[in-house]
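The values are calculated or read from the model by the stated rules, or taken from the named source; none is laboratory data. Here the structure is a predicted model, which means the values were calculated and not measured. Here the Cβ positions follow ideal geometry from the backbone for every residue, glycine too, while neighbour counts run over all protein chains shown.
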């Protein structure tokens, strides 16, 4: 581990023991989104992945726009005031709390990540409204029990919660374990809770996508797993899908060109 001191765009300095010699998903994703919080190794891997799969930048941007549309629906039409965003990644424009609190200033948001750089940036940059509340949990997505226990310090888990799992279950290689994570989270929450989820796939096209994933898994961390539509649908078992169902995340209540990333929103109604 290299001991690094990082200065971010808002003028704060973050000392963390981090690997700067291995590309990391949160930082490469930041590169694809046009951010500045990444290292040369992240840029190199990001560019190489783009050379295999030129659409990867649009996938990242489409996933982000899905977040905006989903949270706008959840805080607006669905009337939710509590959000649990697991695997938030590095902050960028229109994060969950910003979208939700523009609609309802009393919204409460809990962000979850286990990367020290992500958490340091989140605590410095993701500040919410005085009427609402924003909190951060250092936990892995594979620890749903821990996440729920700590989220309960900020959220009222007896009232509906919107769970955000955007581009995170693809880092859980075992599909049964990924299903178990979703099931544990949603079973602990009351009727009226929602799940917003995205996940990469090889089924929606995109020349070079498979080769890009193979390169990623050899040269970056954490490794990624693409899933079929049927596997993605299994994460939503027991929930009621909202229109338009399971689609490319770019086409969920949007008109952008399709990308190789599933997106869906579902509600717990029983």
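Points worth noting:
- Hits in the range 98-116 - residues which are farther than 15 Å from residue 162 by Cβ and buried (at least 24 other Cβ atoms within 10 Å of the Cβ): 113
- Of the residues contained in the range 131-151, none is found to be within 21 Å of residue 266 (Cα to Cα), in a strand (DSSP E or B) and in contact (Cβ under 8 Å) with a residue 24 or more places away in the chain.
- Hey, residue 210 surrounded by fewer than 17 Cβ atoms within 10 Å (Cβ to Cβ), over 20 Å from the mean Cα position of the chain (by Cα) and assigned to a loop (DSSP other than H, G, I, E, B) or not: no
- The number of residues in the range 152-175 being free of Cβ contacts under 8 Å to residues at least 60 places away in the same chain and surrounded by 14 or more Cβ atoms within 10 Å (Cβ to Cβ) comes to 5.
- When residues of the range 81-96 are limited to those that are over 12 Å from the mean Cα position of the chain (by Cα) and buried (at least 24 other Cβ atoms within 10 Å of the Cβ), the one nearest to residue 140 (Cα to Cα): 83
Yes or no, residue by residue, for (1) crowded, with 19+ Cβ neighbours inside 10 Å; (2) part of a helix (DSSP H, G or I):
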residue: 223; (1), (2): no, no
residue: 232; (1), (2): yes, yes
residue: 237; (1), (2): no, no
residue: 255; (1), (2): no, no
residue: 258; (1), (2): no, no
residue: 264; (1), (2): yes, no
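- For the range 88-100, the tally of residues that are over 20 Å from residue 114 (Cβ atoms), in a helix (DSSP H, G or I) and touching a helix residue (DSSP H, G or I) at 6+ places or on another chain (Cβ under 8 Å) stands at 2.
- Every residue from the range 172-192 that is in a helix (DSSP H, G or I) and either over 18 Å from residue 227 (Cα atoms) or at pLDDT below 95 (or both): 184, 185, 186, 187
- Residue in the range 190-205 that is surrounded by 14 or more Cβ atoms within 10 Å (Cβ to Cβ), under 30 Å from residue 160 (Cβ atoms) and without any contact (Cβ under 8 Å) to a residue 60 or more places away in the chain present: no
- Verdict on residue 269 being at pLDDT 95 or above, closer than 15 Å to residue 193 by Cβ and surrounded by fewer than 17 Cβ atoms within 10 Å (Cβ to Cβ): yes
- Single residue of the range 239-253 satisfying the filter (in contact (Cβ under 8 Å) with a residue 12 or more places away in the chain and in a loop (DSSP other than H, G, I, E, B)) that is farthest from residue 207 (Cα to Cα): 239
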